[in-house]
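Structure record follows, encoded as structure tokens.
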Amino acid sequence: MRITLMHNPKAGDAEHGRKQLMAALAGAGHHATYQSTKERGFKKALKQPTDLVLAAGGDGTVAKVACRLVDSGIPLSVLPLGTANNLARALGFVASPEEIITRLDGGKKRTVDVGLACGPWGERYFFEGAGGGLLADYVRAARKERKGNGKVEKLSKEQEMARHSALLRRMLHDYPARQWRIQIDGEDISGRYVLWEAMNIHSVGPALHLAPRAATKDGQFDFVCARQADYALLLEHLDARVAGKKSESPLPARRFRELRVVWKGSTLHLDDKLWPEKKQSEKSSNEIKITVKPSALIILQPAAAVKI
């Protein structure tokens, strides 16, 4: 199989660098072409003829690659090398990179839904979720904390997840519920929210399991929200995450196809990216529309493991 390996060299560990991944692909009988997602040529590489694009990295890398494969007909597979791997897990890539590579032959194709956000800054695809309030401001705070720390001790995935969950918990302590003007499928649900999320998969952020019934191929998203009255429930959920325990979401959720929100300078996030990337003036207000593109991305899931 012709494979284009799109690799984030800063993700994962020394065992999953360019040399090791290319050797594993060659050993499995594939003809692979390597491209770093940190280099300018990655967009051009995705236009070359190939049978499969293989994204090796965290959820940010997967989304960066996937947005250029929407409606292309080219299938995507994932080697999960990130911390949370929310998107990779939701798409069925839960094995080790080595196992996934050996099981690409005989894999099964399926399609997944993609989110589309339209606003004054243009259009952007997203794959995990979009939202405003606490989790959006957390994305900004986590970015500042990462820049401020500089070079820090390498943490395990569990330690990294606990650190992010602890940051969210600290923010929640004095985080105010804010007024949002929101419509979902034409119904006005405006009110004061601590957070609201339009979710395509079960988890968001540091593996917060907020939408347990979300499905990636139903043509709908799950709207999950927390009002001031849900503060204690959300805090309990975060405490469980900090302790490394599994915790089902206590927050209400409902399905929708179209969401419209009036933006007035508050932070929004699409997956793990801020939108807009820089703070804007709060004087103007603009409408943001979030819709579902059904079955817009093709995924090649690895073949099932052979039971002995």
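What net charge is computed for the residues neighbouring Leu76, neighbours being all others with C-beta under 12 Å from the C-beta of Leu76, Lys and Arg scored +1, Asp and Glu -1?
Working: positive: Lys64, Arg68, Lys109, Arg110; negative: Asp51.
Charge balance near Leu76 sits at +3.
Suppose every K and R has +1 on its Cβ and every D and E has -1 on its Cβ; what is the size of the dipole of the range 117-294 about the Cα centre, in Debye to the nearest 20? Don't skip to the end; give the middle numbers.
Numbers: 32 positive and 24 negative charges, 107 e Å.
With only Lys, Arg, Asp and Glu charged at Cβ, the dipole is about 520 debye.
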(message) With +1 on the Cβ of every Lys and Arg and -1 on the Cβ of every Asp and Glu, and nothing else charged, how large is the dipole of the chain about its Cα centre, in debye rounded to the nearest 20?
(response) 760 debye
(request) Classify the chain as rounded, prolate or oblate from the Cα gyration tensor: take a ≥ b ≥ c as the square roots of its eigenvalues, call it rounded if a/c is under 1.5, otherwise prolate when a/b beats b/c and oblate if not. (result) prolate
(request) Choose one of His7, Asn286, Leu172: the residue whose Cα lies farthest towards the positive end of the charge dipole of the chain (beta-carbon charges +1 Lys, Arg; -1 Asp, Glu; about the Cα centre). (result) His7
(message) Given points 7 Å out from each Cα along the Cα-Cβ axis, report the Asp13 to His173 separation in nanometres with one decimal.
(response) 3.3 nm
(request) For the range 49-105 and the range 219-265, compute the distance between their C-alpha centroids and round to whole Å. (result) 26 Å
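I want the local charge near Leu116. Using Cβ-Cβ distances under 15 Å, sum +1 for each Lys or Arg and -1 for each Asp or Glu among the other residues. Write out the running numbers ahead of the final one.
Numbers: positive: Arg68, Arg124, Arg257, Arg260, Lys273, Lys289, Lys293; negative: Asp71, Asp113, Glu123, Glu128, Glu258, Asp271, Glu287.
Here the charged neighbours net out to 0.
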(message) What distance in nm separates the two pseudo spin-label positions at Thr111 and Thr33, each 7 Å out from Cα along the beta-carbon direction?
(response) 2.6 nm
(request) Can you check what the net charge comes to around Tyr231, using other residues whose Cβ is under 15 Å from the Cβ of Tyr231 (Lys, Arg +1; Asp, Glu -1)? (result) +1
(request) Between Val94 and Asp185, with labels modelled 7 Å along Cα→Cβ, what's the label distance in nm to one decimal, could you check? (result) 2.9 nm
(message) Can you compute the helix-only [θ] at 222 nm over the chain? Use -39500 (n - 2.57) per DSSP H run of at least 4 residues, normalise by all residues, nearest 500 deg cm²/dmol.
(response) -7500 deg cm²/dmol
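For the ranges 241-253, 285-297, what's the packing order if you count other beta-carbon atoms within 10 Å of each residue, average per peptide, and put the highest first? Let's see the in-between values first.
On the way: 241-253: 14.1, 285-297: 16.7.
Output ranking for 241-253, 285-297: 285-297, 241-253.
Can you give the % of DSSP beta bridges in the chain that are antiparallel, to the nearest 5?
Details: 51 of 68 bridges.
Antiparallel bridges make up about 75 percent of those DSSP assigns within the chain.
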(message) Could you derive backbone 3J(HN,Hα) for the range 253-259 from the dihedral phi with the Karplus parameters 6.51, -1.76 and 1.60 (θ = phi - 60°), listing whole Hz in sequence and x where the residue is Gly or Pro?
(response) 9, 8, 7, 7, 10, 9, 10
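Quick note: the coordinates plus some simple rules give every number you see, no bench work behind them. Every value quoted in this text rests on a predicted model; they were computed, and no experiment measured them. In this analysis, Cβ positions are derived from the backbone assuming ideal geometry, glycine residues included, and neighbour counts consider all displayed protein chains.
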